[in-house]
Amino acid sequence: MLDTAAQVHPRIKELGLQDEYPFASHFIDTPMGRMHYLDEGAHTGGSTVLAVHGNPSWSFLYRVLVKGLSSDRRVVVPDHIGFGLSDKPDDEHAYTLKAHIDHLEDLVLKLDLTNITLVMQDWGGPIGLGVAARHPDRIKALVVMNTFGFYPPVDGMDPEALKLPPPLLMMRSKGLGDFMVRRLGFFERQVMTMATATRRNGPVKAAYRDVFRSSADRAGVMAFPRMIPTNTRHPAAKILLEETGPYVEQFDGPAHIFWGLKDPLIPIGALAAWKKRLPQAGVTEFETARHYLQDDEPEALVHHLRTFLTSKVD
């Protein structure tokens with residue numbers, strides 16, 4: 001079911017984000033609860049930008065992009081279930097890569113989105129590409145931002161024994177991981193700070209931190225690090241190997257790669273892997289940007305993305 005009377009969400013007012021995030025909220029129903037999304041700009045039947053976030057962010061991450069692109073095109077940005085203004089079920093095991101793909105697919109089909117330019121960052125890559133692999137006729141262009149979509153994410157890594165950095169291993173562990181991520185909010189309070197070059201203050205800081213009210217709200221945040229596959233038997237690896245990876249390999253449409261070169265979360269070798277798989281893609285590298293380049297280089301990102309859309313997509 002789609003809502004029909006969208007307005008600025010009360011939680012946005014509570015967090016003091018009306019100026020940063022002056023958008024009407026929309027919702028669809030999913031098996032895990034209500035999924036929030038933005039739908040801004042011109043509904044003219046032309047190309048649509050569908051921007052997909054990762055962990056532990058939400059549509060707020062794309063606020064400058066929405067403002068910069070929606071003057072002459074449609075921009076749709078969902079909050080995954082468990083994030084932002086969407087419902088946040090407490091059952092961590094319900095959060096799977098397939099479930100996230102299913103929810104995004106529901107949104108695309110219910111809105112009947114076509115001629116999509118798919119913008120993806122972090123876990124938005126495998127989620128967005130999961131939908132693209134199911135509905136390739138709806139996808140016109142790909143925009144990659146510090147993400148992954150195939151397994152392993154870096155060529156040459158052992159697919160049966162993928163090594164993860166110690167901090168990530170701690171966050172994945174039972175007990176300690178739950179205490180760090182769910183109770184202390186370690187991901188949005190510490191990891192996002194480490195992975196962003198710019199300093200967040202005031203309402204912007206609160207947007208990422210206070211959108212989660214308690215440990216019960218962070219089940220989806222906790223699920224993502226534990227969802228990272230370290231061998232080919234993992235359910236997420238199966239999707240990357242059999243669905244999203246092959247889709248990327250055969251995609252020959254317009255594409256562009258934006259990459260923060262100081263990313264502490266995704267190894268730089270992933271950029272080379274993307275360049276290899278999308279040889280037609282233009283590449284814009286930001287020397288000082290980290291993982292969340294939407295916050296580190298928002299104006300430059302919008303400028304280059306607009307250039308790509310007008311020259312390669314429209």
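Bear in mind these aren't lab numbers, they're just calculated from the coordinates by the rules spelled out. All figures in this text were calculated on a predicted structure; none of them were measured in a lab. Ideal geometry is used to build each Cβ from the backbone, glycine not excepted, and the neighbour counts take in all protein chains shown.
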With only helices counted (DSSP H, runs n ≥ 4, each -39500 (n - 2.57)), the per-residue ellipticity at 222 nm for the chain, to the nearest 500, works out to -8500 deg cm²/dmol
Once R0 is set to 25 Å, what does the formula 1/(1 + (r/R0)^6) return for the Cβ-Cβ distance between Gln190 and Thr96, expressed as a FRET efficiency to the nearest 0.05? 0.50
Along the charge dipole of the chain, Cβ charges K/R +1 and D/E -1, which of Thr114, Asn231, Leu104 sits furthest on the positive end? Asn231
Please give the peptides 200-207, 299-306, 95-102 ranked by average Cβ packing (other Cβ atoms within 10 Å per residue), highest first, as a rough proxy for protection. 95-102, 299-306, 200-207
Report the Stokes-Einstein translational diffusion coefficient (µm² s⁻¹, integer) for segment 109-240, Rh taken as the Kirkwood radius over Cα pairs, at 25 °C with viscosity 0.890 mPa s. 146
Ordering of 213-225, 69-81 by packing [mean C-beta count within 10 Å, highest first]: 69-81, 213-225
Which whole-number percent is the relative contact order of the chain (Cα, under 8 Å, 6+ apart)? 19
If N is the number of residues in segment 10-313, what value comes out of its Cα radius of gyration divided by 2.2 N^0.38 Å? 0.92
Once amide H atoms are placed 1.01 Å from N in the peptide plane, what residues at a sequence separation of 5 or more from Thr284, or on another chain, have their amide H within under 5 Å of its amide H? Ile257, Phe258, Trp259
Counting only residues 5 or more places away or on other chains, whose amide H sits under 5 Å from the amide H of Thr48 once H atoms are built in the peptide plane? Ile116, Thr117
Order by protection proxy (mean Cβ within 10 Å, highest first), peptides 11-17, 240-246: 240-246, 11-17
According to the square roots a ≥ b ≥ c of the eigenvalues of the Cα gyration tensor, what is the shape class of segment 219-305, taking rounded for a/c under 1.5, prolate for a/b larger than b/c otherwise, and oblate for the remainder? oblate
Long pairs among Lys163/Lys205; Lys88/Lys140; Lys163/Lys262; Lys13/Lys88; Lys110/Lys174; Lys13/Lys262, criterion Cα-Cα beyond 27 Å: Lys163/Lys205; Lys88/Lys140; Lys110/Lys174; Lys13/Lys262
Dipole of the chain, positive end: most advanced residue of Pro31, Ala141, Ala42 [Cβ charges, Cα centre]: Pro31
Residue farthest toward the positive end of the dipole of the chain, with Cβ of Lys/Arg at +1 and Asp/Glu at -1: which of Ala273, Leu162, Val76? Leu162
Using the crude model of +1 on Lys and Arg Cβ and -1 on Asp and Glu Cβ, and no other charge, please compute the dipole size for segment 210-267 relative to its Cα centre, in debye to 20. 340
With all pairs of different alpha carbon atoms counted, what Kirkwood hydrodynamic radius in Å does segment 129-175 show? 13.7
Compute, for the chain, the length of the dipole vector about the Cα centre, with Cβ point charges of +1 (Lys, Arg) and -1 (Asp, Glu) only. Units Debye, rounded to 20. 600
Go through segment 154-170 residue by residue and turn each phi into a ³J(HN,Hα) via Karplus (6.51, -1.76, 1.60, θ = phi - 60°); whole Hz please, and just put x for glycine and proline. 10, 4, x, 5, 6, x, 9, 8, 5, 8, 10, x, x, x, 5, 4, 5
The alpha-carbon pair-distance distribution computed for segment 156-314, with 5 angstrom bins and whole-percent values, is 2, 8, 13, 15, 18, 18, 14, 9, 3, 0, 0
